[in-house]
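All remarks here apply to the structure that follows.
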Amino acid sequence: MTETGGVIAKEWQDSFEELFDGAIDESNPPVKLFEHAYEGAVIATSYAEILLNQAIRRYGAEQEVKYPDTGYYLPVIRALSGEAVTKLGDLPPILNRMRSQVREELNFYNARLCGEATAYAAEIIEAINYLDPEKEHVPPWTGFLGDPVVRRYGILLVDWTIPGQAVITGKAKSTEALAKIIQDLQAKGFMIFMAYEVVDQAIDAGLKLGIDFIAFPLGNFTQVIHAVNYALRAGIAFGGIPPGERENTRDYQRRRVRAFVLHFGERDEVQIAAHFAAIFLGFPVITDQELPEDEQIPNWYVSNPNYDDIVQVAMEIRGIKLKIVDIPIPITVGPAFEGEVIRKGDMHVEFGGPKNIGFELVEMVDENEVEDGRIDVIGPEIDEMEEGSSMPIGLVVKIFGRKMQEDFEAVLERRIHYFVNYGEGLFHMAQRDTVWMRVSKDAVAKGFKARDFGELMIAKFKDDFPSIVDRVQVTVITDKDKVEEEKARAQQFYESRDERLRGLTDESVEEFYSCILCQSFAPNHCCVVTPERLGLCGAVSWLDGKASYEIDPNGPCRPIKKEGLIDEEKGIWEAVNEYVYTNTNRSIEECSLYSFMDRPMTSCGCFECIMAIVPEANGVMITTREYGGDTPCGMSFSTLAGSVGGGVQTPGFMGHGRGYVLSRKFIKADGGLARLIWIPTELKESIKDELIERAKEDGLGEDFIDKVADETVGVTAEEILPFLEEKGHPALGMDPLV
């Protein structure tokens with residue numbers, strides 16, 4: 001067999017094509033369905049040819065053609081044939097090749113080829129549309145979804161954190177019926193793509209749509225192809241399928257993406273041809289139209305008029321099985337809401353964060369110290385809090401498990417970040433004693449209360465970690481005095497965890513650990529956690545990474561072997577580079593662990609501190625989440641976070657944990673602790689004793705801390721330079737940073 005996408009191993013072809021064997025009752029084949037697919041492919045490819053010829057006459061064959069924000073050219077063509085389309089003149093031979101495979105002989109195989117040709121035609125039509133600025137997509141329609149969206153959710157789609165991709169087209173029987181189906185899919189965590197009139201129905205129903213809710217209103221007609229090119233890019237990016245390996249691509253899509261199509265309302269020939277494009281990739285189609293058996297294909301093209309179970313039927317056909325946990329709270333819970341941001345005007349109450357105190361603690365206890373399922377709320381309930389107010393928060397989760405270990409505490413504690421963000425109308429940021437949470441007005445209107453945090457924790461910890469969690473008890477604290485009391489106790493746990501790590505060095509271990517827990521906020525970010533460099537959030541140490549991997553080998557922390565040393569001083573290894581490149585969606589090629597000036601590690605958004613170069617003083621300043629004032633680099637923490645966060649690599653700037661300041665590997669390649677010229681007084685006081693000891697170790701003297709400026713000295717480079725010169729700060733005499 002000759003394929004357009006290079007040499008394909010026969011076993012791959014067979015493993016995929018076997019799926020279609022026996023699907024058709026040869027004594028009564030769905031000839032009418034195949035006829036519609038053929039006619040629809042003819043219409044689609046002919047329309048594409050007309051538009052392509054018009055575009056070439058108008059713009060010329062050399063006109064650049066591309067989608068915005070993608071490195072995958074035209075992804076359907078790139079994935080299936082390997083061709084890198086860059087100009088209009090590249091497209092006629094490709095379209096002609098596709099038209100030649102639209103054959104009049106009516107059978108299941110040819111119908112799938114008609115589907116492939118229709119997918120190509122839709123991709124070409126959409127690419128041409130993007131040449132005309134007047135046809136650019138505007139909200140609420142998303143049109144083509146750029147690579148940042150693929151990086152943000154693609155890995156979750158193919159590792160089944162997002163259980164599957166639901167493509168919804170046509171027009172449902174009613175707005176209310178459609179809303180119920182979409183809400184059911186969102187509650188189950190599905191990624192949703194919509195095209196045709198269902199988009200208007202979903203908007204009329206007031207559903208939460210858009211990138212943050214992984215529910216994409218693509219548009220009308222050929223815009224449905226953007227669901228396909230999204231799935232294909234996920235396969236290239238996260239499945240490692242080289243462009244052009246057509247059968248490998250189809251096999252991967254069937255095995256890992258787990259998509260299906262729900263078509264509502266009447267169907268025309270082009271839509272049916274598009275349905276066979278989905279089937280060509282291994283995605284079944286379920287329609288609400290009453291169809292006789294000779295117009296259906298078991299497990300591939302199915303009629304199901306009952307809206308009450310159409311999602312369940314689609315999942316069964318696609319082989320998607322979920323562990324559904326009944327969480328007794330009044331809001332929907334699922335990964336669809338993980339990226340939801342609660343703006344100030346939309347929030348009912350804010351906990352912790354920059355304006356108040358907060359903490360969270362997971363504590364391992366004996367079986368006689370926990371009452372399974374118990375939830376205590378100490379302090380006012382949410383419905384007693386003034387709208388727009390800022391309140392303290394404390395979450396204490398006591399866990400007993402016969403296989404629980406003390407080293408697992410911090411790992412489970414960090415999962416609170418996920419669990420809260422899964423709640424519709426909830427927002428969680430940071431960790432330990434710097435947590436920041438918000439509850440929306442909508443969530444409160446639905447009846448969400450503080451005790452529901454406890455219900456959420458109990459359900460999710462038991463469901464996600466059944467092998468180590470047997471009993472869970474939660475205390476939610478909103479009384480300020482009690483929060484302060486319990487926060488002090490929690491800080492003893494944090495210190496104990498940190499102390500266990502202090503005896504380890506980067507040289508004493510054979511592997512580091514990754515952490516991609518924050519990729520929901522920063523899709524291109526990957527922490528590399530070493531014994532002497534904890535995660536940027538301050539909550540994931542090397543021991544935590546090790547424990548996380550032991551608990552869940554498919555979780556956010558994976559081992560990275562220290563292999564292929566490139567630069568010992570800067571901390572660059574081939575194996576680390578390869579891992580970071582793969583897990584930052586191929587956006588970061590090299591990563592230095594001991595330098596912030598040369599290829600530094602990326603920054604997410606949960607970092608406790610931000611480091612920035614101060615060229616005038618030949619040193620670095622550090623600001624913290626707690627300090628909101630001006631700094632010598634000319635930017636506040638929030639301004640810096642907007643520039644440094646999001647998974648970018650920014651030489652001269654870097655997010656990090658508070659404990660990293662005391663590490664022996666602290667920007668070692670750039671001069672180490674001697675470069676530190678300014679920190680806020682709060683940070684200086686909190687690490688004073690340890691900082692003095694570290695300075696003595698580095699030969700900087702016991703008085704080094706007195707040479708480091710803070711906001712009481714000044715908040716601009718001009719204000720602190722006289723102080724640094726008077727104190728004889730060592731940075732002033734070091735080699736220039738730039």
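Think of the chain as having a plus end and a minus end, set by charges on the Cβ of Lys, Arg, Asp and Glu; of ILE357, PRO29, GLN186, PRO29 sits farthest toward the positive end of this dipole. Cα convex hull, the range 285-343: 132 Å³ per residue, rounded to a whole number.
Converting the Cα gyration tensor eigenvalues of the range 293-406 into ellipsoid dimensions via √(5λ) gives semi-axes, longest first, of 41, 24, 13 Å.
Stokes-Einstein, applied to the Kirkwood radius of the range 561-642 over Cα pairs at a viscosity of 1.306 mPa s and 10 °C, places its translational diffusion at 111 µm² s⁻¹.
Largest first, the extents of the alpha carbon coordinates of the range 190-300 on the three principal axes equal 41, 40, 21 Å. Measuring between their Cα centroids, the range 210-288 and the range 546-582 lie 33 Å from each other. Computed across the range 467-526, the Kirkwood hydrodynamic radius from all distinct Cα-Cα pairs reaches 15.8 Å.
Size descriptors for the range 153-225, from the alpha-carbon set: Rg then Dmax equal 11.7, 34 Å. Cα extents for the range 503-591 along the principal axes, largest to smallest and rounded to whole angstrom: 32, 32, 22. Cross-link reach is defined here as a Cα-Cα straight distance under 22 Å, omitting same-chain residues fewer than 8 places apart; for LYS668 the lysines meeting it are LYS561, LYS562, LYS570, LYS684, LYS688, LYS696, LYS707. Under 18 Å of direct C-alpha separation, and excluding same-chain neighbours fewer than eight residues apart, LYS66 reaches these aspartates and glutamates: GLU49, GLU83, ASP90, GLU123, GLU126, ASP132, GLU134, GLU136, ASP147. With Cα atoms as the point set, the radius of gyration and Dmax of the range 53-157 evaluate to 15.2, 43 Å.
Principal axis analysis of the Cα atoms in the range 411-511 yields extents of 54, 34, 24 Å, listed in decreasing size. Here LYS173 is the anchor, and the lysines within straight C-alpha reach of less than 30 Å, apart from those fewer than 8 places off in the same chain, are LYS32, LYS135, LYS188, LYS208, LYS321, LYS323, LYS446. Look at where the Cα atoms of the range 593-611 and of the range 409-431 average out, and the two centres are 22 Å apart. In the chain, the longest principal axis of the Cα atoms and the axis of helix 542-551 are about 40 degrees apart.
Look at the dipole of the chain built from charges on Cβ: of HIS729, PHE465, GLY642, the Cα furthest out on the positive end belongs to GLY642. Close amide-amide hydrogen proximity is noted between GLY210 and ALA215, PHE216, each under 5 Å apart and 5 or more residues distant or on a separate chain (H modeled in the peptide plane; Pro and chain starts excluded).
Per atom type, the chain shows carbon and sulfur on 47% of its accessible surface, probed at 1.4 Å. Heavy-atom accessible area, probed at 1.4 angstrom with all protein chains present, ranks ASP132, ASP346 as ASP346, ASP132, highest first.
How big is the Cα convex hull of the range 515-660 in projection, averaged over all directions, in nm²? If you wrap the Cα atoms of the range 515-660 in a convex hull and average its projections, you get 8.4 nm².
Scalar couplings 3J(HN,Hα) for the range 482-496, obtained by applying the Karplus form with A = 6.51, B = -1.76, C = 1.60 to θ = phi - 60°, are 5, 4, 4, 5, 6, 4, 4, 5, 4, 5, 5, 5, 4, 5, 4 Hz; x denotes Gly and Pro.
Ligands, DNA and RNA aside, ILE692 has an accessible area near 30 Å² when probed at 1.4 Å. Working value for the chain: equivalent-ellipsoid semi-axes of 50, 31, 23 Å, each the square root of 5 times a Cα gyration tensor eigenvalue, largest first. Summing Cβ point charges (Lys, Arg +1; Asp, Glu -1) relative to the Cα centre of the range 611-683 gives a dipole of roughly 360 debye. Normalising the average separation of contacting C-alpha pairs (under 8 angstrom, six or more residues apart) by the number of residues puts the relative contact order of the chain at 10 percent. Across the range 223-351, Cα pairs under 8 Å and at least six residues apart give a relative contact order of 17 percent. Placing ILE43, ILE610 in order of accessible area, with the largest value first and a 1.4 Å probe, yields ILE43, ILE610. For the range 331-394, the Kirkwood hydrodynamic radius from C-alpha pairs, put into Stokes-Einstein at 10 °C and a viscosity of 1.306 mPa s, yields a diffusion coefficient of 108 µm² per second.
Entry note: the range 452-604 has Rg to Rh equal to 1.02, where both radii use alpha-carbon atoms and Rh is the Kirkwood radius.
Whole-Hz Karplus values for the range 191-201 come out as 7, 10, 10, 10, 9, 6, 6, 4, 4, 4, 5 Hz, taken residue by residue from phi with 6.51 cos²θ - 1.76 cosθ + 1.60 and θ = phi - 60°; glycine and proline positions read x. The heavy atoms of LYS403 offer some 140 square angstrom of accessible surface to a 1.4 angstrom probe.
The range 634-690 and the range 319-375 have Cα centres separated by 30 Å.
Can you tell me how the range 611-738 classifies by the Cα gyration tensor, rounded, prolate or oblate, using a/c under 1.5 as the rounded cut? Rounded shape, in that the Cα axes give a/c under 1.5.
Computed 3J(HN,Hα) for the range 376-393, one whole-Hz value per residue from the Karplus formula 6.51 cos²θ - 1.76 cosθ + 1.60 where θ = phi - 60°, is 10, 10, 10, x, x, 7, 4, 6, 9, 8, 5, 4, x, 7, 10, 10, x, 8, glycine and proline marked x. With a cut-off of 15 Å between beta carbons, the residues surrounding PRO736 carry a summed charge of -3, where Lys and Arg count +1 and Asp and Glu -1. Dividing the radius of gyration of the alpha carbons in the range 33-115 by their Kirkwood radius gives 1.02 for Rg/Rh.
Annotation: amide H-H contacts under 5 Å for SER389 (H modelled 1.01 Å from N, sequence separation of 5 or more, or interchain): GLU350.
Only helical runs count toward this figure. For the chain, summing -39,500 (n - 2.57) over DSSP H runs of n ≥ 4 and dividing by all residues gives -11000 deg cm²/dmol at 222 nm.
Report, as a whole number in µm² per second, the diffusion coefficient that Stokes-Einstein gives for the range 105-221 at 10 °C and 1.306 mPa s using the Kirkwood radius over alpha carbon pairs. Taking Rh from Cα pairs, D becomes 101 µm²/s.
Taking amide H as placed 1.01 Å from N in the peptide plane, ILE168 has its amide H under 5 Å from the amide H of PHE193, MET194, ALA195, LEU262, each at least 5 places away in sequence or on another chain.
What FRET efficiency comes out for the pair ASP159/GLU17, r = Cβ-Cβ distance, R0 = 30 Å, nearest 0.05? Here the calculated transfer efficiency is 0.70. When the pairs LYS403/LYS546; LYS344/LYS398; LYS460/LYS482 are compared against a 24 Å limit on Cα-Cα distance, LYS344/LYS398; LYS460/LYS482 fall above it. For the range 316-475, the gyration tensor built on C-alpha atoms gives an oblate shape. Its axis ratio a/c (a ≥ b ≥ c) is at least 1.5, and a/b is not larger than b/c. Unpaired Cys in the chain, meaning no second Cys C-beta under 4.7 Å: CYS114, CYS526, CYS557, CYS591, CYS609, CYS633.
Rounded to the nearest 20, the Cβ-based charge dipole of the chain about its Cα centre (Lys and Arg +1, Asp and Glu -1) stands at 800 debye.
By the Cα gyration tensor, the range 396-435 has an equivalent ellipsoid whose semi-axes, rounded to whole angstrom, run 22, 12, 8 from largest to smallest.
Note on ARG586: accessible area approximately 90 square angstrom, rounded to 10, probe 1.4 Å, nucleic acids and ligands left out. Per residue, the chain exposes 38 Å² of accessible surface when a 1.4 Å probe is rolled over the protein heavy atoms with every protein chain present.
Note on LYS344 and LYS561: the model spin-label points, each 7 Å out from Cα along the C-beta direction, lie 5.1 nm apart.
Fully extending the segment from ASN28 to GLU626 would add 208.1 nm, taking 0.36 nm per residue of separation and subtracting the current Cα-Cα distance. The listed residues LYS482, LYS66, LYS684, once ranked by accessible area (1.4 Å probe) with the largest placed first, stand as LYS66, LYS482, LYS684.
The values are calculated or read from the model by the stated rules, or taken from the named source; none is laboratory data. Everything numeric here is computed off the predicted structure, so don't read it as measured data. Here Cβ is always computed from backbone atoms with ideal geometry, including for glycine, and neighbour counts include all displayed protein chains. Ligands, DNA and RNA are stripped out before the accessible areas are found, and what is left, the full protein with its side chains, is counted by its heavy atoms. Shrake-Rupley method; radii C 1.70, N 1.55, O 1.52, S 1.80 Å.
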